[in-house]
1. Starting from the stretch 145-221, pick out the GluC sites (Glu not before Pro) whose DSSP state is loop and whose Cβ has at most 13 other Cβ atoms within 10 Å.
2. Given the options Ser62, Ser119, Ser185, which has the most mean-square fluctuation in a GNM of the chain, springs set between C-alpha atoms less than 10 angstrom apart?
3. Please list 3J(HN,Hα) in residue order for the stretch 182-190, calculated via the Karplus relation 6.51 cos²θ - 1.76 cosθ + 1.60 where θ = phi - 60°; whole Hz, with x for glycine and proline.
4. Which residue, Met156, Met226, Met46, has the most motion in a Gaussian network model of the chain that connects Cα atoms within less than 10 Å?
5. From the phi of every residue in the stretch 156-173, what ³J(HN,Hα) in whole Hz does the Karplus formula 6.51 cos²θ - 1.76 cosθ + 1.60 yield, where θ is phi - 60° and glycine or proline is x?
6. Which of the lysines could a cross-linker bridge to Lys67, judged by Cα under 23 Å and excluding same-chain residues fewer than eight apart?
7. Please identify the longest segment of the chain free of exposed trypsin sites (Lys or Arg not before Pro), where exposed means a DSSP state other than H, G, I, E or B and no more than 13 other Cβ atoms within 10 Å.
8. Below 22 Å, Cα to Cα, which lysines can Lys27 reach? Residues fewer than 8 away in the same chain don't count.
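Each value in this text was obtained by applying a stated rule to the coordinates, not by laboratory testing. Here the structure is a predicted model, which means the values were calculated and not measured. Cβ placement follows ideal geometry from the backbone for every residue including glycine, while neighbour counts extend to all protein chains displayed.
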Amino acid sequence: MDILLGLVKTPAVIIAIVAFLGLLFQKASISRLITGTFLSFIGFTMIKVGGGILMKVLTAFSSLFSKAFDIVGVVPSNEAIMAATIDKLGATAALILLFSMILNILLARFTRFKFIYLSLHLVLFMAFALTAVLMQFGFTNYQMVIIASLFIGCYMAISPFILNRFSREIIGSDEYAISHAAISSYVIGSFMGKWFGNKSTDTEHLNISNKFDFIREPNIATLLTMLVLLLISCIFASQRLC
């Protein structure tokens with residue numbers, strides 16, 4: 001029994017159970033049910049492994065950057081923080097994710113907030129963040145699950161509703177809306193675009209030379225940005241050591 005309870009409390013297993021229940025309620029086929037459940041388990045495990053690698057890289061970069069510019073601080077990363085705290089906070093965060101989803105569905109069914117939040121990786125990041133904050137205030141696991149689930153569940157339904165007035169003008173319908181953890185920047189950007197923007201132009205239609213077309217690829221752009229930052233940091237750090 002102890003082994004079974006320990007297995008159920010494993011964050012990756014909880015995420016797999018959430019995926020299984022979601023697919024089950026959707027009356028998915030057996031093949032999709034098995035595939036979705038195992039991929040969720042594997043994906044969450046890969047987040048932990050990949051986040052651990054990222055955390056080591058960012059820790060080294062933070063130390064180098066601090067020595068180069070005599071700045072004390074940290075380089076924040078959602079994935080790195082998850083990897084560092086997943087064993088301690090993972091089970092609680094996964095339960096918060098589950099109950100937040102349930103509350104989101106209930107609000108969409110019985111209130112005017114008719115939106116289902118689909119960016120669940122962001123919800124998971126928020127669950128970890130709120131768990132860490134509430135733990136510092138001395139809340140128990142049950143209290144953290146209740147408080148965070150209520151907050152995140154309401155956010156999941158209300159934030160797309162707030163942004164729908166702006167996304168409707170772009171999409172042309174209420175079929176779906178946009179939302180993100182950075183909702184405040186979306187709202188500010190929408191008003192800025194309304195006041196100073198020009199609907200006749202679109203960044204998607206910008207003409208970029210084929211020589212620089214590779215910058216459109218996010219992974220390559222991130223790689224080049226980090227490479228430049230590392231080179232600059234190394235140059236300044238070496239000068240301070242001389």
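1. Of the GluC sites (Glu not before Pro), the ones in loops of the stretch 145-221 whose Cβ has at most 13 other Cβ atoms within 10 Å are Glu175.
2. Result: Ser185 has the largest fluctuation of those listed.
3. Per residue, the Karplus-derived 3J(HN,Hα) values read 9, 4, 4, 5, 5, 5, 4, x, 5 Hz.
4. For the chain, modelled as a Gaussian network with Cα springs under 10 Å, the answer is Met226.
5. 4, 8, 7, 4, x, 5, 5, 7, 4, 5, 8, 5, 4, 5, 8, 6, x, 7
6. Reachable lysines: Lys56.
7. So the longest stretch without any such site is 113-198.
8. Correct list for Lys27: Lys114.
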